[in-house]
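Here's the structure we're looking at; comments come further down.
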Amino acid sequence: MSKFIKNALLAILAVIVSVSLVSCADKGDTPQGMKLASNPEADYQMFVPNEWITDMSAGAVSAYVSLSDPSSVSVMAFNIDENLVSIDDWWASYKEEFDLVFDNYSLETEENGTFGGVAAKKYTYTASLGQTNYKIMQAGTVEHGMIYLFTYTSVPEMFDSHLEEIAKILDNFRFN
């Protein structure tokens, strides 16, 4: 068998194995028009629109719209601190640190909602970092003894243009 054919067969086998692994990682149906953006080893599944670019290199699961529109989403999980047992406790502690990182922090809304089918709090606020203004929505919940934080970050003028996609991402988020 020629070297070319061996390499071609190995490449085909690699694709088949990769597709099989991705298929096994998805414990449910992938929502139409979306793709899995979370690590298969994570205890949750986050789906984002097919057109978005996923990134798992930063230690958190994230995805962004495009190079010309850096609106992004991310999910992080934290161990529950003995003093921070609810999402309200966590938020009170977390927002104290905003002044150390952001300028011009202003909370716009705080509301009840769901995240992965679990009761959650959603916070929308504006802040600036350096010369750039941001609008941020965070949804937080407690599940599996962890605090999970979903963050949608955009520049104010692009924020509303992705709210339908963000709602779909949150509606389809799953805890394993």
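Throughout, read-outs are computed from the coordinates displayed, never taken from laboratory work. Note that the structure is a prediction, hence the values are computed from the model and not measured. All Cβ positions, even for glycine, are placed from backbone atoms using ideal geometry, and neighbour counts span all protein chains on display.
A few points about this structure:
- In summary, the convex hull built on the alpha carbon positions of the range 94-176 has an orientation-averaged projected area of 5.9 nm².
- Alpha-carbon centroids, the range 115-138 and the range 59-106: separation in whole Å: 7 Å
- R0 of 22 Å, Cβ-Cβ distance residue 35-residue 114: FRET efficiency to nearest 0.05: 0.50
- Each of 100, 163 was scored by other Cβ atoms within 10 Å of its Cβ. Listed from fewest to most, they are 100, 163.
- The convex hull around the C-alpha trace of the range 31-175, projected and averaged over every direction, spans 8.7 square nanometres.
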